Amino acid sequence: MGHSSVDPAFHELRPWNEGRLIGAKRALKQQQVWAIRFWLDQHRRLRDRALFDLAIDSKLRGCDVVKVRIGDLVSGGRVRDRAVIVQQKTRRPVQFELMETARKTLRTWLERRGGTLNDFVFPSRNDYMAHMSTRQYARLVREWVVGIGLAPQEYGTHSLKRTKASIIYKATGNLRAVQILLGHAKIDSTVRYLGVDVEDALELAERTEV
């Protein structure tokens, strides 16, 4: 099925991505992070607030966020300050911090959710023993960004992964630190990931007096 490149109609076909925004999704700005938190609190969406805070602090891909288990985050009856997750894509462990804001919302959610250490933090709607699907996670992120007036085509689950790394880089210019936090094997990957360009490099140089 389909068209041959020599068919008369071939050159009349519209590209599949015509009119779509293709490329890396935008990271959220700090004020947008707090706007989403306020929106979720206003709508009393406790699970979503815990999911959002975990996604921001962990800097994990969506496929990893939804598979986090209670035992990954909880030890001795309290939410850990730091946690380690083995990434599905790279099979490499990555360590991340959980700030007080995230610890508080996760603690409140887990108290309401219940479960054992081996259960998923965010269960599926259809099977409480399974984890939330990445598709459901993506739909939730879309609701959140639309809720604060952002264009949904410009943001996605990867926006949450990029957010804190981008804020740290903008504040410090420390690529090596961001590389470690993201679990990248090569600094080149971090450079491409953050979209570091000549303008960024010049701004950093201008702020550094020798």
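The values are calculated or read from the model by the stated rules, or taken from the named source; none is laboratory data. All values reported here derive from a predicted model rather than from experimental measurement. Quick reminder, even Gly has a Cβ in these numbers, built from the backbone with ideal geometry, and neighbours come from all protein chains shown. Heavy atoms of the whole protein, side chains included, go into the accessibility calculation; ligands, DNA and RNA do not. Shrake-Rupley method; radii C 1.70, N 1.55, O 1.52, S 1.80 Å.
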Identify the single condition in (1) closer than 26 Å to residue 79 by Cβ; (2) open to solvent by 20 Å² or more (accessible area, probe 1.4 Å); (3) at pLDDT below 90 that residue 170 does not satisfy, given that it satisfies every other one. (1)
Being under 23 Å from residue 178 (Cα atoms), surrounded by fewer than 19 Cβ atoms within 10 Å (Cβ to Cβ) and either of a type in the set (Lys, Arg) or touching a Pro at 6+ places or on another chain (Cβ under 7 Å) (or both) narrows 125, 82 down to just 82
Among the residues of the range 174-196, write down those that are at pLDDT below 75, assigned to a loop (DSSP other than H, G, I, E, B) and touching a helix residue (DSSP H, G or I) at 6+ places or on another chain (Cβ under 9 Å). 184, 185, 195, 196
Which one is modelled with the highest pLDDT, of the residues in the range 1-24 that are under 21 Å from residue 158 (Cα atoms) and open to solvent by less than 60 Å² (accessible area, probe 1.4 Å)? 23
Being within 18 Å of the chain's Cα centre (by Cα) and touching a residue at least 40 places away in the same chain (Cβ under 8 Å) is true for just one of 83, 102. Which residue is that? 102
Scanning for something assigned to a helix (DSSP H, G or I), open to solvent by 60 Å² or more (accessible area, probe 1.4 Å) and charged (D, E, K, R), does the range 108-122 turn up at least one residue? yes
Can you tell me which residue in the range 144-157 is surrounded by the most Cβ atoms within 10 Å (Cβ to Cβ), limited to those that are free of Cβ contacts under 8 Å to residues at least 24 places away in the same chain and not hydrophobic (A, V, I, L, M, F, W, C)? 152
Between 91, 44, which is at pLDDT 95 or above, on the phi > 0 side of the Ramachandran plot and not in a helix (DSSP H, G or I)? 44
Single unsatisfied condition, residue 133 versus (1) open to solvent by 60 Å² or more (accessible area, probe 1.4 Å); (2) closer than 13 Å to residue 66 by Cα: (1)
Of the criteria (1) of a type in the set (Asp, Glu); (2) open to solvent by less than 10 Å² (accessible area, probe 1.4 Å); (3) in contact with a strand residue (DSSP E or B) (Cβ under 8 Å, 6 or more places away or on another chain), which one residue 97 fails: (2)
